[in-house]
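The values are calculated or read from the model by the stated rules, or taken from the named source; none is laboratory data. Just so it is clear, the model here is predicted, and its values are computed rather than measured. Because the Cβ atoms are built from the backbone with ideal geometry, glycine has one as well, and the counts that use them run over all protein chains shown.
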Amino acid sequence: MRPEPAVDLALAREHGLSEEEYARACEALGRTPTFTELGVLSVMWSEHCSYKSSRVHLKRLPTEGPRVLQGPGENAGVVDIGDGFAVVFKMESHNHPSFIEPYQGAATGVGGILRDVFTMGARPVALLDSLRFGAPEHPKTAALLRGVVAGIAGYGNSIGVPTVGGEVQFDPAYNGNILVNVFALGVCRADRIFYGRASGVGNPIIYVGARTGRDGIHGATMASAEFSEEKEARRPTVQVGDPFKEKLLLEACLEIFAEDVLEGIQDMGAAGLTSSTVEMAGRAGNGVELDLDKVPRRARGLSPYELLLSESQERMILVARAGMEHRVLELCAKWDLDAVVVGRVTDTKRFVARATAGHDPFDGEPTADPSTVVCDLPVALLTDEAPKYTRPCLEDPRPDDRSVDTARFHFDAHRDLLELLGSVNVGSRAWVWRQYDHIVRDGTVLRPGDSDAAVVRLFCGDGDQRREKFIALSVDCNGRFCELDPREGAAMAVAECCRNVACAGAEPIGLTDCLNFGNPERPEVMAQLRDAIDGIADACRALKVPVVSGNVSLYNETLEAGGVRSVLPTPTVGVVGLLSRPEDARGSFFRGDGARVALLGMPGGGALGGSEWLVRRAGKVCGAPPAIDLEVEARLQSFLVASARLGLLLSAHDCSEGGLLVTLAECCIGRGVGARVALPWVTTPTPGALFGEDPSRVVVSMEPSRVDAVKALASEHRVPVLFLGETGGTFLRVDGVVELSVSELRRRYTRALAQLVGDG
Amino acid sequence: MKAVVVQFPGSNADFDAWHALSDVVGVPTTMVFHKETALPEGTDLVVLPGGFSFGDYLRCGAIARFSPIVQAVRAHADRGGYVLGICNGFQILTEAGMLPGALTRNVHLRFECRDAVVRVDADGFFTRGLLGRVLRLPIAHAEGRYQASEDILRELEDEDRVAFRYVPLDPLFAARGGNPNGSLRDIAGIYGGPRRNVLGLMPHPERASEKLLGNDHGRLLFECAVRSLTP
């Protein structure tokens, strides 16, 4: 085995520790850490594991509500859906690995979030993803898009969890740093939730799943530094996914959960064996002792450092009840999984790892030499006492000058509508979701492209306890609005995501977030993060939706020739809603001729800032973004939910990217149904009126016989309703604005992404 | 009538098949793990479900055919017992030599999940009385391109064993003649076995058997099976 390097400040710096952090570690230990300990400290104190920059701000998020069974801090959040059942969900980023190796990066992102969900005792039943790529003309964009989509498909399709929805946006700010955020949801019995806790001194710690290799060492550290050309060359740190192994792990774990044999369980994600066991010990207030000689491996000559830091995928740590380990091992054997007792829970509150120097199981049994302690650190030093920073923030991160003279841009409603429909940010995403198995498990009631949010049937429980429940799911964020105003933009992301769910007929019951920002050591980025968190908190309070889990991804920026380029601040949110019955499910699109068309909400002030129309015209994200009135939004959403329960509307589609005219066109394209409408407040067509992206607006359709009931319910909820016209024919006619055949609209719309990737 | 759904370690539409059979058409259905060596007493229909039986990093179904249960399924088929292979199940049946031909990568090299339109082209236990009917059924596969030698294709057609063919009725597929994956002769499913008692098909009728899911064309096929197999 290679001799270990001597530990000093220079080596600590290479590991991403600051001088102060290194000094703090030495002082806490009263000695210089060993090489292995330095590795452990560096990953546990990395931004990725410690949330050291964001923690002080995350505390401001509202995390409580009557349905919340588990809020942030565990592997995933848990929300009660009634009748003794719960949903478990979380969203997580895999940005840097996906840029370096798009297929495996995205695939292992799916694998990781699925483990976070099933480690809580839930069977995963839905995936969604929120993706950000660079400009369509950037030389890497097409290949990254193909690779990421294929990677998500390759993992999700194989393991058999349907990818039921998501979003994709393109902006040059992501040219050198794409975003891959994956949301997963599972279902379980509310009284059978499992936690990542190493409880019960003396209990065996069992390693289950794939063998350990050198893949992914320092992945967590990589996710905690900005991106550079040099790092792009770090391909070996990207893990390789094996969805079949994860399928075995999933089924074995679900069978183990069904028996009363476990104290705790956690997946080995970022920082692998180290973070899983340390976090479990921390939550239980215990210590752990690991025997690294026992760890199953797939590479020769792995050092203790490598064994502790490897991020090989598809591995879990289980803490069994003493005496029950044989049953765990039996069930793992049924599924042909490696499972080995690798340690014990202790009462020392220390993280201890032992190994026999020079021992490699590939060479046979360990020598007679006793194993020695290679790592001995207080658990608290790695968890609660890890560094936390209140980093300096700018007072106001909004761009100084947001004014833009929109009148100088050429405007032609007809041409601009077709251009927007055919653009990569508005056009059809069918090329993406057709590569995902979105129907496996017989639960997909409304498929991608049918509605504003996916609607999924959950099969809960078994035998006589079986119940069917129905939920709606959406993920959303408009990073452009967040760039122009982080607080308002983040609030609008929450509002839009909840609105999507309400359009589909569900009441929002819980939210998870995935906060993607640049380098937190820069005050303007830190201010964006601070304000976005406040924006999420504002909207969650107003809409009464608790945040139950989340993830923070910082250092999303590229060192380019011209300087540093941060991504747009992208606080992605995922929202889960509950339908009262399957009949509540509502699609986005006009369903047939003769229905009345109306706009819910105010027509809007026509703000163009951050809109797709203006960004295309100005060539950059600029302007004053629209503002949101959260009370108005809350009333709109309660109307949407109530109208679903009364079955009043045929369709409901939120106005978002592209604005009102695009929304009307999409309502027609979906099922090839035309419409004739008038926009009475638009005396002279302007870009703002047609393509402005004001929030809190929904285009709905209804049977003529329902008009009075809709008016009555809307007035009860104090929601403005403007009747625009009716559906029918094969054209979209907007009086005095445009007249286009639905087939022409559809042709533009369907080709948008296929053109980019070069196939249909 | 009693049905069995075989559970390979990477099966993922096992639940879908079980749900369609037991909840939708009311057939008593049990799951049988692939390591079993025998089928339960009195099994009438064996379903090999969709999924990625052993990860299928090699050819789909290439490893599954060595599972202990496959011997029992083969014996069941040889006795004239009914076997239905859906998607990965169809791939396993061809790998095991229980149906002729092979399923290779889709011609466009992508996994594709969408509705396809198929026509019932042969009579059999899953299609009795439905000859000529056009059905909308979802597909979800990366390797569904049916290929076989000219001799086999001729034999299939001469013996009237092409159960389902993709047809160009769906405008989305019109450019490809309705054929989503490049299958020879637009083949979506075939009958085989000593008494046309083995059927393999790529589309997923078990995911299109309820109005709630927006499509119940698949239910017609399961109801056929119930009628054919109920003495």
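With the structure loaded, tell me whether A:T372 is over 30 Å from B:F111 (Cα atoms), loosely packed, with under 15 Cβ neighbours inside 10 Å and away from chain B (no Cβ under 14 Å) or whether it fails that test.
yes
Scan the stretch B:57-68 for residues that are of a type outside the set (F, W, Y), within 14 Å of chain A (Cβ to nearest Cβ) and not in a loop (DSSP other than H, G, I, E, B) and jot them down.
Listed by number, the residues that qualify are B:A64, B:P68.
Can you find a residue that is away from chain B (no Cβ under 14 Å) and within 21 Å of the chain's Cα centre (by Cα) anywhere in the stretch A:391-413?
So far as the stretch A:391-413 goes, no, none of its residues is away from chain B (no Cβ under 14 Å) and within 21 Å of the chain's Cα centre (by Cα).
Test of understanding: among A:L377, A:L420, which residue is assigned to a helix (DSSP H, G or I) and either within 14 Å of another protein chain (Cβ to nearest Cβ) or not basic (K, R) (or both)?
Exactly one of A:L377, A:L420 is assigned to a helix (DSSP H, G or I) and either within 14 Å of another protein chain (Cβ to nearest Cβ) or not basic (K, R) (or both), namely A:L420.
Show me the strands (runs of 3 or more DSSP E) found entirely inside the stretch B:116-231 where at least 3 residues are touching a Phe, Trp or Tyr at 6+ places or on another chain (Cβ under 7 Å).
In the stretch B:116-231, B:187-192, B:198-201 are the strands (runs of 3 or more DSSP E) which contain 3 or more residues that are touching a Phe, Trp or Tyr at 6+ places or on another chain (Cβ under 7 Å).
A:E330 is checked against (1) buried (at least 17 other Cβ atoms within 10 Å of the Cβ); (2) among the acidic types (D, E); (3) part of a helix (DSSP H, G or I) and fails just one. What number does that condition carry?
Condition not satisfied by A:E330: (1).
Find the helices (runs of 4 or more DSSP H) located wholly in the stretch A:2-65 whose residues include 3 or more that are surrounded by 15 or more Cβ atoms within 10 Å (Cβ to Cβ), and list them.
A:19-29, A:35-44, A:47-50, A:55-58
What number of residues within the stretch B:75-92 are outside any strand (DSSP E or B) and touching a Phe, Trp or Tyr at 6+ places or on another chain (Cβ under 7 Å)?
Adding up the residues that qualify gives 1.
What number of residues within the stretch A:255-269 are in contact (Cβ under 8 Å) with a residue 24 or more places away in the chain, surrounded by fewer than 22 Cβ atoms within 10 Å (Cβ to Cβ) and small (G, A, S)?
0
On the given criteria, is A:P361 away from chain B (no Cβ under 14 Å), more than 30 Å from A:Y155 (Cα to Cα), in contact (Cβ under 8 Å) with a residue 12 or more places away in the chain and surrounded by fewer than 16 Cβ atoms within 10 Å (Cβ to Cβ)?
Yes; evaluated as a whole, the condition is true for this residue.
Quick check on the stretch B:167-203: of everything there that is within 14 Å of chain A (Cβ to nearest Cβ) and touching a helix residue (DSSP H, G or I) at 6+ places or on another chain (Cβ under 7 Å), which residue is modelled with the lowest pLDDT?
For the stretch B:167-203, the residue satisfying everything is B:P180.
Condition first: touching a helix residue (DSSP H, G or I) at 6+ places or on another chain (Cβ under 7 Å) and surrounded by 21 or more Cβ atoms within 10 Å (Cβ to Cβ). Now tell me which residues in the stretch B:149-162 satisfy that.
B:V162 - this is the single residue of the stretch B:149-162 that is touching a helix residue (DSSP H, G or I) at 6+ places or on another chain (Cβ under 7 Å) and surrounded by 21 or more Cβ atoms within 10 Å (Cβ to Cβ).
Checking B:M1 against (1) at pLDDT 95 or above; (2) not in a strand (DSSP E or B), which test does it fail?
(1)
I'm checking my understanding of the structure. Among residues of the stretch A:704-732 that are among the hydroxyl-bearing types (S, T, Y) and in contact with a helix residue (DSSP H, G or I) (Cβ under 9 Å, 6 or more places away or on another chain), which one is nearest to A:E744 (Cα to Cα)?
That would be A:T730.
Give the stretch A:653-694 a look and list any residue that's charged (D, E, K, R) and closer than 20 Å to A:V501 by Cβ, or say none.
Result: A:D654, A:E657, A:E666, A:E693, A:D694.
Which residue pairs have Cβ atoms closer than 8 Å, lie 6 or more positions apart in sequence or on different chains, and pair a first residue in the stretch A:29-44 that is charged (D, E, K, R) with a second residue that is surrounded by fewer than 22 Cβ atoms within 10 Å (Cβ to Cβ) and in a helix (DSSP H, G or I)?
Sorted first by the residue in the stretch A:29-44, then by its partner, the pairs are A:E37/A:L29.
Scanning for something assigned to a loop (DSSP other than H, G, I, E, B) and touching a Lys or Arg at 6+ places or on another chain (Cβ under 8 Å), does the stretch A:627-644 turn up at least one residue?
no
So, in the stretch A:429-456, exactly how many residues are of a type outside the set (A, V, I, L, M), more than 10 Å from chain B (Cβ to nearest Cβ) and buried (at least 22 other Cβ atoms within 10 Å of the Cβ)?
Residues meeting the conditions: 2.
Among the residues in the stretch B:208-224, are any within 14 Å of chain A (Cβ to nearest Cβ), in contact with a helix residue (DSSP H, G or I) (Cβ under 8 Å, 6 or more places away or on another chain) and of a type in the set (S, T, N, Q)?
Checked the stretch B:208-224: at least one residue is within 14 Å of chain A (Cβ to nearest Cβ), in contact with a helix residue (DSSP H, G or I) (Cβ under 8 Å, 6 or more places away or on another chain) and of a type in the set (S, T, N, Q).
Quick check on my filter: what residues within the stretch B:112-137 are away from chain A (no Cβ under 14 Å), in contact (Cβ under 8 Å) with a residue 24 or more places away in the chain and of a type in the set (G, A, S)?
Within the stretch B:112-137, B:A122, B:G124, B:G129 qualify.
Looking at (1) closer than 23 Å to A:F85 by Cβ; (2) without any contact (Cβ under 8 Å) to a residue 60 or more places away in the chain, which is the one condition that is false for A:G574?
Of the numbered conditions (1) closer than 23 Å to A:F85 by Cβ; (2) without any contact (Cβ under 8 Å) to a residue 60 or more places away in the chain, the odd one out for A:G574 is (2).
Could you figure out which of (1) among the small types (G, A, S); (2) closer than 27 Å to A:T277 by Cα; (3) within 14 Å of another protein chain (Cβ to nearest Cβ) isn't true of A:A153?
Result: A:A153 passes all but (2).
Return the residues of the stretch A:119-141 that are surrounded by 21 or more Cβ atoms within 10 Å (Cβ to Cβ) and either of a type in the set (D, E) or outside any strand (DSSP E or B) (or both); say none if nothing qualifies.
The answer is A:T119, A:M120, A:G121, A:A122, A:D129, A:G134, A:T141.
Of everything in the stretch B:20-56, what is in contact with a helix residue (DSSP H, G or I) (Cβ under 9 Å, 6 or more places away or on another chain), surrounded by fewer than 18 Cβ atoms within 10 Å (Cβ to Cβ) and within 14 Å of chain A (Cβ to nearest Cβ)? Give them in sequence order.
Answer for the stretch B:20-56, where residues must be in contact with a helix residue (DSSP H, G or I) (Cβ under 9 Å, 6 or more places away or on another chain), surrounded by fewer than 18 Cβ atoms within 10 Å (Cβ to Cβ) and within 14 Å of chain A (Cβ to nearest Cβ): B:V24, B:T30, B:M31, B:F33, B:K35, B:E36.
Going through A:E744, A:E666, A:E693, A:E726 one at a time, which residue ends up being acidic (D, E), surrounded by fewer than 17 Cβ atoms within 10 Å (Cβ to Cβ) and in contact (Cβ under 8 Å) with a residue 40 or more places away in the chain?
A:E744
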